[in-house]
Amino acid sequence: MNPALSKTPTAAEIRSGNRAALARAITLIESRRADHQALARDLVQALLPATGKAYRVGITGSPGVGKSTTIDTLGMYLIEQGHRVAVLAVDPSSARTGGSILGDKTRMARLANDDRAFIRPSPSSGTLGGVAAKTREAMMLCEAAGFDVVLVETVGVGQSETAVCDMTDIFLALMLPGAGDELQGIKKGLVELADMIAINKADGDNIKRATSAAASYRAALKILTPRSQHWFPPVLTYSGLTGAGIPDLWQKIVEHRTAMNASGEFARRRSAQQVKWMWAMFEDRLKARLRSDPAVRARVKQIEARVADGRTSPALAADQITEMLR
């Protein structure tokens, strides 16, 4: 047995805020062993009434934008305001790259050393769907343990941004000032997902460039369709290094939740996310069945080989694999 699971965590331990039990519980949900998965399902189900009350904040940004510094500074600000903060990552490539939180945890030194915070990287390997599903369950465990703000960092690109957007209440895109032509540099898909854009490193000689970049993003947003009819994405400037602008950033997050609650969209979005999570877990279970049976696994390899050399169409192959699952 995994040494981290030498003692199965209980729902009571999680609800009491036991950090060691929380860490073991997340290890349990990440395990691929069938007995561990059964225990994890029972644990999450038992804790379900204690979940759902936290601020779920998704954070993305290109490498070098200062995500770790931002999370450390924002997290410490929230702790000073009386919150308890959990930080999770979605990174399907972390087996290769080590993941941002794993690699940059030293940049969250204050948060990592505070008992009112909990930092956890994504699983060390797996598909995007599998990693995202585990992160969703980890988020629920953190909420049950009393963490009322969960920051979910996407350290990949493309689909991982969509996955984090689909599991959080507000999606924050971090940008850099003066990184070339801001209008040319906008990733249309990302900006359309974002509920807020924040220009980091607005300090020292960068303040003027950050202000200019913010104006460019505001102009660009006017020609894009906002994610919600009840909220137009604000563009802020701040400094993760000095903390300037961090209180305003958090205030906008609070205002967003208030606006979403008032319109009823908050509840609708949460409900839709639950259903998406269900289907993601279902797909993961199907793939697990294909991996767990040696005979089925060998048969799938044969089908893959025929598709690769053009003897079988992908559509027919998909039907053959589906038939094996019956």
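Can you tell me the orientation of helix 294-308 relative to the chain, as the angle in degrees between its alpha-carbon axis and the longest Cα principal axis, to the nearest 10? So the inclination is approximately 70 degrees. What the Cβ-Cβ distance of Lys208 and Arg15 gives, at R0 = 41 Å and to the nearest 0.05, is a FRET efficiency of 0.25.
Here the label points at Asp148 and Asp309, each 7 Å from Cα along the C-beta direction, are separated by 6.3 nm in the simple model. Mean residue ellipticity, 222 nm, helices only, the chain: the sum of -39500 (n - 2.57) across DSSP H runs of n ≥ 4, divided by residue count and rounded to 500, is -16500 deg cm²/dmol. Which label belongs to the value computed from this structure, given these candidates for volume of the Cα convex hull per residue in Å³: [x] 127; [y] 161; [z] 194? Computing volume of the Cα convex hull per residue in Å³ and matching it to [x] 127; [y] 161; [z] 194 gives [y].
With +1 on the Cβ of every Lys and Arg and -1 on the Cβ of every Asp and Glu, and nothing else charged, how large is the dipole of the chain about its Cα centre, in debye rounded to the nearest 20?
Here the size comes out at about 660 debye.
For the chain, the longest principal axis of the alpha carbon atoms and the long axis of helix 207-221 meet at an angle near 60°.
Applying the criteria of a DSSP loop state and at most 11 other Cβ atoms within 10 Å to the trypsin sites (Lys or Arg not before Pro) of region 1-92 yields Lys7, Lys53. Among the listed pairs Lys53/Lys287; Lys7/Lys276; Lys53/Lys252; Lys67/Lys222, a Cα-Cα separation exceeding 29 Å is found for Lys53/Lys287; Lys7/Lys276. Against the main long axis of the alpha-carbon atoms of the chain, helix 67-80 sits at an angle near 70°.
All of the numbers you see were taken from the coordinates with simple rules; none came from a lab. What you see is a predicted model, and the numbers here were worked out from it, not measured in a lab. Neighbour counts are summed over all protein chains in view; Cβ atoms, including those assigned to glycine, are modelled from backbone coordinates with ideal geometry.
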